[in-house]
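The values are calculated or read from the model by the stated rules, or taken from the named source; none is laboratory data. For clarity, every value in this text was computed on a predicted model and none was experimentally measured. Glycine gets a Cβ as well: all are built from the backbone with ideal geometry, and neighbour counts include every protein chain shown. The area values use the complete protein model at the heavy-atom level, side chains included, leaving out ligands, DNA and RNA. Shrake-Rupley method; radii C 1.70, N 1.55, O 1.52, S 1.80 Å.
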Amino acid sequence: MKILHVMSEFPYPPDNGVRADIWGRLQTMSHLGHTIDALVMNTKRVPTSGDTAEMRRFVNDLKFIDRKPMEECLLSLTPTSVACNKPLARLHLHKQYDLTIAEGDSLYAIFENPGLRTTIRALRVHNDESSRMLASAQTEETFLRRQLCRVEALRYQFFSRSAYRQLDSLWFISQSEYQNFVNAEPAATESAVWLPPSLIFSDGSKRRAESSKQVLFVASFHITLNREALRWYLKEIHTRLLDDPAYELVVVGSTNGRQCARQFTEEVKRECRCSVHVDVADLTPFYEECALFVNPMQRGAGVKLKNIHAIERRIPVVTTSVGNDGSGFTDRQHVRVADTPSDFASAIAELLNNRRSGELMADRAHRYLTEYYDGHANLRRLLTHLMQDISDRSTDKTISSSIA
């Protein structure tokens, strides 16, 4: 199958949830024998020559596309991020593709390109963008950004609803958002699938946390929703656990070069018994040394891949309902779900002091993960179905031509 893969940012290194999902899927499609051309929107984050070389191992052709300046798009009727990617609609395309995949609603302009010749048009739905923007509006620190998020939420509410109806295949990362969509749009059930995050499983756990009481939180701190989550944890949970002299919070995060993120991490560094590590290249040592992982998200949309990556390493997880939403994991069977400060702190204390219980829960979660999140199996099944659809369309076209 010849695939055109359109991305809003360069996916390597896969150091946040969206990049990790894209990178895992890109590798898997290549390993399954498909030929891939990639279009990547330029951002301030410029890939190194080594990063680009790694990407070229899996793609046949790689092109970078400049966005329109944001200030030229703020008054657009479409969402600002969609308008910024409008150059995709004017790009010269000269190849025929079996499948075109756009990584998110903001890249819809590729499907408006009159030169796009593709049999199947697919969209990876990373988030309910309208809900995500509304959540961001509640956490942004400045008045203007809060208002912009509210406007964007309204724009996306109308834009996404219309755009989804024009596409052949919708790949929802969130189980709950997939279910909400098919409940609201029963006529579109055949075009929508739940495609969990694309994971390529490692050889096994190498954790060395036999006596550790380190609690780990990993996040991108240029995202206000993550800053809100950690502030809630520090205020409501952290102080309840300090009576245990072995307890320590380990915070690992990326700043994406944003001043607001750097200021936030400096604020966190002042907390008692809290170590902060910023923009590290390899998270492996932190996962190996921790006793459990926490996700105190208060708002958000889509699947919180921070949970998935901890579970993949067989680490017990304590999360809020928001943090667990869309993943398919159940409370006490796979993770501990708690939404009040007392319940969240109690779940952490229980797992820190009953290591065997946490290990059994983490093993059950990992078994669920290998069954439902196997990127190779899920993509092989989906792409086989799409290839059959392509074959059926070709047959129908041949029959129509012969009748004519």
Inset, instruction - Taking the chain as the reference, fit the longest principal axis to its C-alpha atoms, fit the long axis of helix 17-31 to the helix C-alpha atoms, and give the angle between the two in degrees, 0 to 90, nearest 10. - result: 50 degrees
Inset, instruction - With a 1.4 Å probe and every protein chain left in place, work out the accessible area per residue of segment 18-67 in Å², rounded to a whole number. - result: 45 Å²
Inset, instruction - Please say if segment 319-382 is rounded, prolate or oblate, where rounded means a/c under 1.5 for a ≥ b ≥ c the square roots of the C-alpha gyration tensor eigenvalues, and otherwise the choice is prolate for a/b larger than b/c and oblate otherwise? - result: oblate
Inset, instruction - Mind putting a number on the dipole of segment 1-54 about its Cα centre? Charges go on the C-beta only, +1 for Lys and Arg and -1 for Asp and Glu, and I need it in Debye to the nearest 20. - result: 100 debye
Inset, instruction - Would you mind computing, in nm to one decimal, how far apart the modelled labels at R273 and R332 are, each placed 7 Å from Cα along Cα→Cβ? - result: 2.8 nm
Inset, instruction - Specify the angular offset, from 0 to 90 degrees and rounded to the nearest 10, of the alpha carbon long axis of helix 375-403 from the longest principal axis of the alpha carbons in the chain. - result: 10 degrees
Inset, instruction - Would you compute, from DSSP H runs of 4+ residues alone, the mean residue ellipticity of the chain at 222 nm, taking -39500 (n - 2.57) per run and dividing by the full residue count, rounded to the nearest 500? - result: -13000 deg cm²/dmol
Legend entry - Lysine pairs in segment 1-147 with Cα atoms under 24 Å, if 8 or more residues apart or on separate chains: 10
Inset, instruction - Give the shape of segment 206-290 as rounded, prolate or oblate, defined through the alpha-carbon gyration tensor: a ≥ b ≥ c are the square roots of its eigenvalues, a/c under 1.5 means rounded, and otherwise the shape is prolate if a/b is larger than b/c and oblate if not. - result: oblate
Inset, instruction - Once you have the Cα-Cα distance between N42 and A246, take 0.36 nm times their residue separation minus that, and quote the gain in nm to one decimal. - result: 68.9 nm
Inset, instruction - For the chain, find the longest principal axis of its Cα atoms and tell me its angle to the long axis of helix 259-269, 0 to 90°, nearest 10. - result: 20 degrees
Legend entry - Ratio Rg/Rh, restricted to the chain and using Cα atoms, in which Rh is the Kirkwood radius: 0.98
Inset, instruction - Subtract the Cα-Cα distance of D282 and A377 from 0.36 nm times their separation in residues, and report this length gain in nm to one decimal. - result: 31.5 nm
Legend entry - Computed P(r) (all Cα pairs; segment 96-137; 5 Å bins; percent): 6, 22, 24, 19, 11, 9, 6, 3, 0
Inset, instruction - Can you tell me how much longer the chain between S342 and E359 gets when fully stretched, taken as 0.36 nm per residue apart minus their C-alpha distance, in nm with one decimal? - result: 3.9 nm
Inset, instruction - For segment 1-103, state the semi-axes of the equivalent ellipsoid (square roots of 5 times the eigenvalues of the alpha-carbon gyration tensor), sorted largest first and rounded to whole angstrom. - result: 24, 17, 12
Inset, instruction - Pairs of Cα atoms under 8 Å, at least six residues apart: use those to get the relative contact order of the chain, whole percent. - result: 14 percent
Inset, instruction - Please work out the Cα convex hull volume for segment 242-363 and give it in Å³ per residue. - result: 117 Å³
Legend entry - Surface share of carbon and sulfur [accessible, 1.4 angstrom probe, percent] for the chain: 49 percent
Legend entry - Solvent-free Debye scattering, log10 I(q)/I(0), computed from the Cα coordinates of segment 138-255 at q = 0.19, 0.22 Å⁻¹: -1.13, -1.21
Legend entry - Computed magnitude of the charge dipole of the chain (debye, nearest 20; Cβ of K, R +1, Cβ of D, E -1): 460 debye
Inset, instruction - Counting other Cβ atoms within 10 Å, keep those with at most 16, restrict to DSSP loop, and tell me which trypsin sites (Lys or Arg not before Pro) in segment 96-180 are left. - result: R165
Inset, instruction - DSSP loop (so not H, G, I, E, B), at most 11 other Cβ within 10 Å: list which trypsin sites (Lys or Arg not before Pro) in segment 220-310 pass both filters. - result: R270
Inset, instruction - Return the single residue from H334, H366, H277 with maximal mean-square fluctuation; model: Gaussian network over the chain, springs between Cα atoms under 10 Å. - result: H277
